[in-house]
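Below is one structure; the comments refer to it alone.
The values are calculated or read from the model by the stated rules, or taken from the named source; none is laboratory data. Predicted, not measured: the structure shown is a model, and the values here were computed from it. Note that we place each Cβ from the backbone using ideal geometry, even for glycine, and neighbour counts take in every protein chain shown. Accessible surface areas use protein heavy atoms only, side chains included; no ligands, DNA or RNA. Shrake-Rupley method; radii C 1.70, N 1.55, O 1.52, S 1.80 Å.
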Amino acid sequence: MKSYSEWKSLSETLTFRDKAFINGAFQPAVSGETFPCINPATEQLLAEVSSCDAADVDLAVANAKAVFKSGVWSEMHPRQRKQVMLKWADLIEQHKDEFALLDTLDMGKSISEMVGIDVPDAIDCFRWTAECIDKVYGEIAPTGTDTLALIHHESVGVVGAITPWNYPLMMVSWKIAPALAAGNCVVLKPSEKSPLSALRLAELAVEAGMPPGVLNVLPGFGHTAGKALALHMDVNVLAFTGSTRVAGMLMGYAGESNMKRVWLEAGGKSPNLVFADADLKKAAAASANAIFANQGEVCIACSRLYVEKSIKETFLAELIEAAARFQPGDPLDPATTMGPMVDGAQLNTVQHYIQSAMDEGGQVVMGGLPDYQEGQGFFAKPTIVDGANNEMTFVKEEIFGPVLAVCEFETEEEAIELANDSMYGLGAALWTENLSRAHRVSRKIESGMVWVNTWGEGDTTVPFGGVKASGNGRDKSLHAMEKYVDIKKVMIRL
Ligand code: NAD
């Protein structure tokens, strides 16, 4: 790992791709408009980035559709398509420090998380998905000897992808790797708060041999570029990660336009259940990580902690001790465990919910309201609020920041009921040394993912996604590939 001063000097040498990437070339938005990209740790301008809108979307989608039809990618031999994507992964690896810096500067997460988690995860996603290209087979249905029924997996055409800012490179990779592997063309709109790594990624795709126009990146706002993409008649599948509010809007846009398939990875308010028979030290360390990693800007953050009453005080003391390792600081310093919030609006949201927790009777036992100083970055404090319950606003609503609600329960049934008492269903963690309880409870939790005696662990081979208002799709694993293909039957009478 590089030192603080090495990362700082490297960051000063970076150049930013600040224009839309359409048909293999950077170009300004049709309107000529730009928006500022701000480093949230310093509040300094990084770049003025092209602000795309419906005109750019029309251009990129029309071009992507033509490239798809030409077959240069969709009909490329699977082995060759795989080689291009593997080469692309190699190039990302060669530029791994640059990618780490791009997201750290753009949205404030610590460089150590970028180096340890985001960048290797993205590379692995591209490699693993590339390897699937020539290993996934079609099917023959058991229809009897007088017919032959073939089931083909066909590319869908143009895939629109809309992504958030909390794991910019990683979220983009989870969408575009399987969409491209399946032979589609992609028009990606990254978050306006973190467009820089996606633009560099697209440039490297062409360098790796991906034909121009297969992957296009349109930086811009949701209500302009994002909405136009979602409403476009020639976008066949829309893949989204972001808030539940916007996810609902996208379903509406699909209905208003061409009934495109919409895959949604949306918000969360994940529960964390600590039973009295758990290894409390391990549970405390992981519970702190589950809410304070990445400043709490994590869709699977376990923001609702439910502790069995008999061990509540002991556990809370352990938790506060474990949480002390999360201290806000310059994200370029490898020793920093928490960067700033992505922007002033997100810091205000955090402040609002801490205030609301106090107003509704919660006791702040660590952290508290932010001490914001203009021009010094949008830093929040890791905050723990005791005396919480499911009726309180900050326990119900997603904060997307470092604020933990501590609640208690007395029985296993009550723990399950409290955990499921939420509109969301993304992740859940539970801590117990009782194997039967671990299985029993994990089956009863209403969520797409459950972690037992761990939190947040994943693998490219394992699906990621939620139920209820947390969405419908799955990223990663072969299940992600299913989202980007059409199933066609061909029935032949012999
Ligand atoms: P957001 O919904 O505000 O924005 C996400 C994307 O949607 C951005 O690119 C934005 O520009 C775009 N957008 C906004 N309005 C739009 C519109 N009207 N039409 C089309 N596009 C529009 O979310 P965010 O603040 O970027 O990200 C935080 C949210 O993402 C949280 O709720 C978090 O839980 C969720 N998230 C979910 C997962 C998951 O896998 N389930 C992963 C990461 C983040």
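Here is how the numbers come out for the structure above:
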{"item": "Residues of the range 224-243 satisfying the condition of being open to solvent by 30 Å² or more (accessible area, probe 1.4 Å), within 6 Å of the ligand (Cβ to nearest atom) and of a type in the set (Ser, Thr, Tyr)", "result": "243"}
{"item": "Tally, over the range 373-395, of residues that are open to solvent by 50 Å² or more (accessible area, probe 1.4 Å) and either over 16 Å from residue 292 (Cβ atoms) or not assigned by TED's automatic domain parsing to the domain that holds residue 298 (or both)", "result": "5"}
{"item": "Conditions (1) in a loop (DSSP other than H, G, I, E, B); (2) in the same structural domain as residue 483 (by TED's automatic domain parsing); (3) open to solvent by less than 10 Å² (accessible area, probe 1.4 Å): number failed by residue 259", "result": "(3)"}
{"item": "Cross-chain or 6+ apart pairs with Cβ under 8 Å, the range 157-174 first and among the polar types (S, T, N, Q), then open to solvent by 10 Å² or more (accessible area, probe 1.4 Å) and more than 10 Å from the ligand (Cβ to nearest atom)", "result": "173/121"}
{"item": "Hits in the range 316-336 (condition: under 17 Å from residue 365 (Cβ atoms), surrounded by 16 or more Cβ atoms within 10 Å (Cβ to Cβ) and of a type in the set (Asp, Glu))", "result": "318"}
{"item": "Close pairs from the range 198-217: first on the phi > 0 side of the Ramachandran plot, partner part of a strand (DSSP E or B) and not β-branched (Val, Ile, Thr), Cβ under 9 Å, at least 6 apart", "result": "213/185"}
{"item": "Pairs where the first residue, in the range 37-50, is without any contact (Cβ under 8 Å) to a residue 40 or more places away in the chain and the second is open to solvent by less than 20 Å² (accessible area, probe 1.4 Å), C-beta under 9 Å, 6+ apart", "result": "45/37; 45/39; 48/35; 48/37"}
{"item": "Tally, over the range 178-200, of residues that are within 15 Å of the ligand (Cβ to nearest atom) and in a helix (DSSP H, G or I)", "result": "5"}
{"item": "Lone qualifier among 188, 148 - being surrounded by 14 or more Cβ atoms within 10 Å (Cβ to Cβ) and under 27 Å from residue 108 (Cβ atoms)", "result": "188"}
{"item": "Filtered residues of the range 26-83 (kept if of a type in the set (Asp, Glu) and part of a helix (DSSP H, G or I))", "result": "56, 58"}
